[in-house]
Amino acid sequence: PGLEVLPQVNEELVTTVRDVGLQMTLTPNESFVTKVCQLYDLLATRHCVFIMGASGTGKSTTWTVLSKALPEMGREVELSILDPKTISTDELYGQVDLKTREWKDGILSNMMREFSNNTDESMKWIILDGDLDPNWIESMNSVMDDNRLLTLANNERIPFTTDMRMIFEISDLAYATPATVSRAGILYMVQEDAWSQYY
């Protein structure tokens with residue numbers, strides 16, 4: 001009690017984020033710079049992160065600026081972006097044809113396998129840009145917890161390597177179960193956090 005703990009500031013990251021934002025013709029906003037730094041801290045401690053907020057609060061801009069800032073600091077970032085709401089769960093994870101017993105790969109499982117087999121030292125981010133749906137998010141629980149493993153219907157297991165991160169860009173947690181929420185870090189965005197573009 002009575003002890004004031006000052007926040008740790010990564011000066012190199014703050015400077016780089018400001019420079020990248022200006023290169024992207026964004027109006028400086030210290031609140032936004034803080035949010036990018038918080039995302040950096042979350043990704044250093046969690047392999048799954050929810051960036052949550054209403055449309056227009058800068059969710060996409062936050063991870064975009066960070067993905068451009070990290071290479072300036074010597075760490076490359078590879079991105080795979082997918083809206084999971086635009087396809088079925090079978091198309092997302094893959095499915096076994098009941099007649100032929102043939103396996104048809106899913107888009108997300110293919111992304112994860114490619115990143116898992118990639119042995120270079122770059123950061124590998126899978127961006128899921130679409131609201132949570134209990135039909136597909138529950139299958140992610142074993143990926144999001146300490147197992148860091150996606151188990152498919154054909155019994156294949158795809159490990160989530162230490163360089164891989166999954167970022168969920170969502171508006172709310174209305175359809176997320178407590179099991180899902182407890183497995184991820186959450187960065188909450190409001191309108192005041194957004195950087196606006198020059199016109």
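Residue count for the range 144-161, restricted to those that are open to solvent by 50 Å² or more (accessible area, probe 1.4 Å), assigned to a strand (DSSP E or B) and touching a residue at least 12 places away in the same chain (Cβ under 8 Å): 1.
Residue-wise test of (1) among the charged types (D, E, K, R); (2) without any contact (Cβ under 8 Å) to a residue 24 or more places away in the chain.
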{"position": "Thr27", "(1), (2)": "no, no"}
{"position": "Asp41", "(1), (2)": "yes, yes"}
{"position": "Arg46", "(1), (2)": "yes, no"}
{"position": "Thr89", "(1), (2)": "no, no"}
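The condition (being in a helix (DSSP H, G or I), modelled with pLDDT under 90 and either open to solvent by 20 Å² or more (accessible area, probe 1.4 Å) or polar (S, T, N, Q) (or both)) is satisfied by just one residue among Lys35, Lys85, Lys68, Lys99: Lys85. In the range 40-65, the qualifying residues are those that are in contact with a helix residue (DSSP H, G or I) (Cβ under 7 Å, 6 or more places away or on another chain) and in a strand (DSSP E or B), and the one that is farthest from Gly21 (Cα to Cα) is Cys48.
If only residues of the range 162-187 that are open to solvent by less than 10 Å² (accessible area, probe 1.4 Å) and part of a strand (DSSP E or B) are counted, the one that is farthest from Leu150 (Cα to Cα) is Leu187.
May I ask you to verify whether Ala54 is buried (at least 21 other Cβ atoms within 10 Å of the Cβ) and over 25 Å from Leu108 (Cβ atoms)? It is false that Ala54 is buried (at least 21 other Cβ atoms within 10 Å of the Cβ) and over 25 Å from Leu108 (Cβ atoms).
The values are calculated or read from the model by the stated rules, or taken from the named source; none is laboratory data. Quick caveat: nothing in here was measured; it's all calculated off a predicted structure. Please note: Cβ atoms are built from the backbone with ideal geometry, for glycine as well, and neighbour counts cover all protein chains shown. With ligands, DNA and RNA removed, areas are computed over all heavy atoms of the protein, side chains included. Shrake-Rupley method; radii C 1.70, N 1.55, O 1.52, S 1.80 Å.
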